[in-house]
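Here the structure comes first, spelled out in structure tokens, and everything after it is commentary.
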Amino acid sequence: MKLFHSLSELSRRLLPVGLLMVGCAPIAGLLATDARAESPRRGGSAVMVLGSEPQALSPDTTNSVPDVAVGCLIYDGLVRFKPGFEIVPGLAKSWDISSDGLTYKFELEPAKWHDGQPVTSADVKFTLEEISSKYGPRFNAAGKFIERIETPTPQSVTIKLKKPFAPFLFSLACEQNAAVMPAHILRGSDIRNHQAVLTKPVGNGPFKVAEWVRGSHITLVRNPDYWRKDEPYLDRVVVQIMPDASSRLLSLRADEIDYIVPDYMPLSAVRMLREDPQFQVHEVSYPGSDLIILNTKNPALSKPEARQALLLAVDRKFIHDKVFFGLGSVPQSSFDTRLWAYNEAVDYERMYSYDPARARELLDAAGLKPGADGTRLTVRLLFESGRPEWLPAAQALQRFWEAVGVKVVLEAAERAVVLKRVYSDYDFDATLQTYTTLGDPALGIARTYTTESIAKGTLFNNASRYSNPEVDRLFNEGRDAPQQADRKRAYDRVQEILARDLPVLNLHQQPQFAVAGPRLRGLWQAANQQWWGSVWTSQK
């Protein structure tokens with residue numbers, strides 16, 4: 001791994017992926033017509049690209065982007081999201097919510113599993129009670145509110161809540177760990193280790209798994225019995241695994257691939273691709289943050305003063321401009337500033353503006369004084385090698401922290417290795433991770449900080465192992481309050497406490513861009529996960 005020895009050198013070297021695009025002549029023709037004016041056509045295939053391989057093909061037991069991105073082509077949830085996260089029908093063709101917010105009644109579409117068995121209310125009940133509530137990190141909060149689920153008919157489901165939970169309906173989408181799973185296959189099994197969850201899913205969605213060649217690709221083929229009339233239009237979707245960012249972009253330019261999943265679209269190329277009319281570039285997904293999660297069980301990082309010093313030592317504006325190419329924004333709180341729950345009185349720019357001298361004072365106060373060689377402590381910084389921005393971000397952090405006496409050992413690894421070390425083994429001092437807000441603090445932010453979210457082996461939860469009873473109480477209060485104003489008061493106080501304790505350093509508020517080539521039509525109908533059943537190609 002090549003390291004850089006000055007910020008100026010690092011700044012000069014942060015552009016290679018973007019510069020790689022300059023000499024590449026466009027190969028595909030310009031988009032000739034507006035896709036909205038075309039009629040969908042049957043046939044053809046599309047190539048979707050991930051930077052890392054899925055660990056499993058279940059969208060209900062993880063937050064992992066590759067698993068959910070592929071899984072939601074295989075399974076459907078009760079609802080799905082249009083742009084702006086407007087909730088629209090999925091497997092549930094209609095619903096009714098009682099005036100007290102405690103009863104949700106759903107009527108189901110006449111869908112079939114890929115093995116020909118009918119999808120019934122029993123599958124919904126089994127999924128939400130035995131899978132999503134137990135193993136879904138995104139659904140965990142919603143699951144705690146379920147009192148019971150009734151199945152009066154095979155096509156009718158009634159969910160009774162213990163008390164109102166504002167984002168409950170929002171929680172029933174595939175990407176929220178609520179894809180409906182087959183009870184007739186999974187009931188009574190070791191669910192997380194069942195082949196139907198790991199590698200051989202029996203879904204209800206638009207595509208079925210034909211093959212999985214590890215390290216190369218997953219081939220999905222059309223489900224001829226899909227419940228949406230005439231869909232899917234494509235005969236095949238090939239999910240290509242391409243860890244190298246430059247290779248993804250070259251393949252996109254060469255018209256060899258059709259779509260890059262947002263987490264794996266290098267920001268260095270976004271501006272250039274936006275200016276090229278042959279490409280479709282859209283910002284998608286929930287507000288999300290790039291985080292530095294600190295292992296608070298490491299004695300050197302156990303004191304808030306040490307963690308505050310690490311944030312003061314980082315010029316986040318430099319990283320925003322040079323690593324993230326000025327896209328997105330610099331966080332001001334533990335809550336994304338794009339959320340309704342952000343507390344404007346919490347301002348990291350004021351509280352933790354770049355100040356190496358103050359950082360050294362706080363490290364001294366934490367008992368981390370420099371040794372003979374000037375080193376106060378050593379931090380192993382673990383990150384995923386497949387994310388284009390992580391290496392330059394890690395190198396920038398290394399330079400900033402070493403300037404105040406914190407030696408940094410960079411540890412890049414494949415996604416599977418990073419996830420195991422962070423969430424199962426706790427084998428890290430600091431790690432770079434991306435967490436989505438999931439549109440609501442109760443769904444996407446609480447899991448980062450609450451004591452009940454410390455669950456060894458569960459992905460994308462409280463990996464710092466920070467525990468504060470007052471923070472737990474306030475997150476519960478913000479989740480349970482019936483009015484948004486009451487919820488916000490609790491969340492405002494949470495942000496004030498987290499601004500002091502800093503178990504997690506908010507590095508960057510990320511934009512997420514998906515990029516498609518010229519052949520695909522019917523994209524961008526969804527807020528987050530594309531509706532691949534509705535996608536078609538302009539040529540076979």
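Over the range 217-359, the pair-distance histogram of Cα-Cα distances with 5 Å bins from zero comes to 2, 7, 12, 14, 14, 13, 11, 10, 8, 5, 3, 1, 0, 0 percent, rounded to whole numbers.
Here the Kirkwood formula puts the hydrodynamic radius of the range 375-453 at 13.8 Å, using every distinct Cα pair.
Farthest towards the positive end of the charge dipole of the chain, among the residues ASN343, LEU267, VAL330, is the Cα of LEU267, using unit charges on the Cβ of Lys, Arg, Asp and Glu. In sequence order, the range 138-148 has phi-based couplings of 7, 8, 3, 5, 5, x, 5, 8, 6, 8, 6 Hz under the Karplus curve 6.51 cos²θ - 1.76 cosθ + 1.60, θ = phi - 60°, and Gly or Pro positions carry x. Taking the Cα of ARG338, stepping 7 Å toward and past its beta carbon, and measuring to each backbone N in the range 485-528: which are under 16 Å? Answer for this model: 507-515, 526-528. A straight chain from PHE85 to GLN483 at 0.36 nm per residue would run longer than the Cα-Cα distance by 141.3 nm. Is the shape of the range 150-305 rounded, prolate or oblate, going by the alpha carbon gyration tensor and its root eigenvalues a ≥ b ≥ c, with a/c under 1.5 for rounded and a/b larger than b/c for prolate? The shape class here is oblate.
Given a 1.4 Å probe and every protein chain left where it sits, what share in percent of the accessible area of the range 282-346 is carbon and sulfur? The partial results should precede the final answer.
Values: 990 of 2050 Å².
Roughly 48 percent of what the probe reaches on the range 282-346 is carbon or sulfur.
Can you pull the percent of the range 128-175's accessible area that's carbon plus sulfur, 1.4 Å probe, other chains left in place? It is 50 percent, rounded to a whole number. Model label points for LYS112 and THR151, set 7 angstrom from Cα along the Cα-to-Cβ axis, are 2.0 nm apart. Straight-distance candidates among the lysines for linking to LYS407, with alpha-carbon spacing under 21 Å and chain neighbours fewer than 8 residues away dropped: LYS2, LYS297, LYS303, LYS369. Calculate the spin-label point distance for ARG500 paired with LEU250, positioning each point 7 Å from the Cα along the beta-carbon direction, and give it in nanometres. With each label point 7 Å from Cα toward Cβ, the separation is 5.4 nm.
To put it simply, the accessible area of the range 443-540 at a 1.4 Å probe is 45 percent carbon and sulfur.
Given a Förster distance of 51 Å, report the FRET efficiency between VAL409 and GLU38 from their Cβ-Cβ distance, rounded to the nearest 0.05.
On the way: r = 53 Å, r/R0 = 1.04.
Computed FRET efficiency for VAL409 and GLU38: 0.45.
In the full protein context, the chain carries 38 Å² of accessible surface per residue, based on a 1.4 Å probe and ignoring ligands, DNA and RNA.
Principal axis extents of the C-alpha atoms in the range 58-154 (largest first, rounded to whole Å): 38, 32, 30.
Computed about the Cα centre, the dipole magnitude for the chain is approximately 300 debye when only Lys and Arg (+1) and Asp and Glu (-1) carry charge, each at its Cβ.
Where a Cα-Cα gap under 23 Å defines reach, which lysines qualify for LYS163, not counting those fewer than 8 residues away within the same chain? Cross-link targets: LYS105, LYS125, LYS134, LYS144, LYS488.
Using only the Cα atoms of the range 343-398, each taken as one equal point scatterer with no solvent, compute I(q) by the Debye sum, divide by I(0), and report log10 of the ratio at q = 0.28 Å⁻¹. So the normalised log intensities work out to -1.06. Here is the result for the range 86-132: no GluC sites (Glu not before Pro) lie in DSSP coil with at most 10 other C-beta atoms within 10 angstrom of their C-beta. Over all pairs of different C-alpha atoms, the range 409-540 has a mean inverse distance whose reciprocal, the Kirkwood radius, equals 17.6 Å. Each Lys and Arg contributes +1 and each Asp and Glu -1, all at the Cβ; summed about the Cα centre of the range 340-479, the dipole is approximately 320 debye.
The values are calculated or read from the model by the stated rules, or taken from the named source; none is laboratory data. All values derive from a computational prediction rather than experimental measurement. Methodologically, a virtual Cβ is constructed for each residue, glycine included, from the backbone with ideal geometry; neighbour enumeration extends over all protein chains shown. Each accessible area value is taken on the protein alone, full model and side chains, heavy atoms only, with ligands, DNA and RNA left out. Shrake-Rupley method; radii C 1.70, N 1.55, O 1.52, S 1.80 Å.
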